[in-house]
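The values are calculated or read from the model by the stated rules, or taken from the named source; none is laboratory data. Since this is a predicted model, take the numbers as computed values, not measurements. All Cβ positions, even for glycine, are placed from backbone atoms using ideal geometry, and neighbour counts span all protein chains on display. For accessibility, only protein heavy atoms count, side chains too; no ligands or nucleic acids. Shrake-Rupley method; radii C 1.70, N 1.55, O 1.52, S 1.80 Å.
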Amino acid sequence: MANPKSLIFQLHKHWDVIESLVRASREWPAFDEETVLRLIAKFRRASDNDPEPGETLRSLCNSDVLQWLERTNTLQINPLVQTFVQGLLREHELGLSAVLKARIEEIKNA
């Protein structure tokens, strides 16, 4: 079982990467290591404090956000993390649609 503090910290620190992986997991249930490293590099900040993509990948695996599939060389998002992030994304999208609906109503009333 993963440490909840570690999971939350990794979600906070690498949200862009995790969000992209969760969205991509709708089409692909598992990812090869190169794909994940490219995605990490895409969102890597240019600051000196940001670790190399390989270090970030190890960090995500050590915290159990990403898991290696047995007998393969592929990674998957921890199913519990995936469900949690999908719920957050869905709530965010619903909140945005509610805001848009309210603005449309205000425009109609005006």
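Among the residues of this structure, residue 38 does not count as one that is open to solvent by 100 Å² or more (accessible area, probe 1.4 Å), in a helix (DSSP H, G or I) and at pLDDT below 90. In the range 19-35 there is at least one residue that is open to solvent by 30 Å² or more (accessible area, probe 1.4 Å), within 23 Å of residue 2 (Cβ to Cβ) and touching a helix residue (DSSP H, G or I) at 6+ places or on another chain (Cβ under 6 Å).
If only residues of the range 73-110 that are touching a residue at least 24 places away in the same chain (Cβ under 8 Å) and assigned to a loop (DSSP other than H, G, I, E, B) are counted, the one that is nearest to residue 61 (Cα to Cα) is 78.
Residue pairs whose Cβ atoms lie under 7 Å apart, sitting 6 or more positions apart in sequence or on different chains, and linking a residue in the range 7-24 that is touching a residue at least 40 places away in the same chain (Cβ under 8 Å) to a partner that is hydroxyl-bearing (Ser, Thr, Tyr), are 7/63; 10/59; 10/63; 14/56. Going by the conditions given, is residue 55 open to solvent by 90 Å² or more (accessible area, probe 1.4 Å), modelled with pLDDT of 90 or more and at negative phi? The answer is yes for residue 55.
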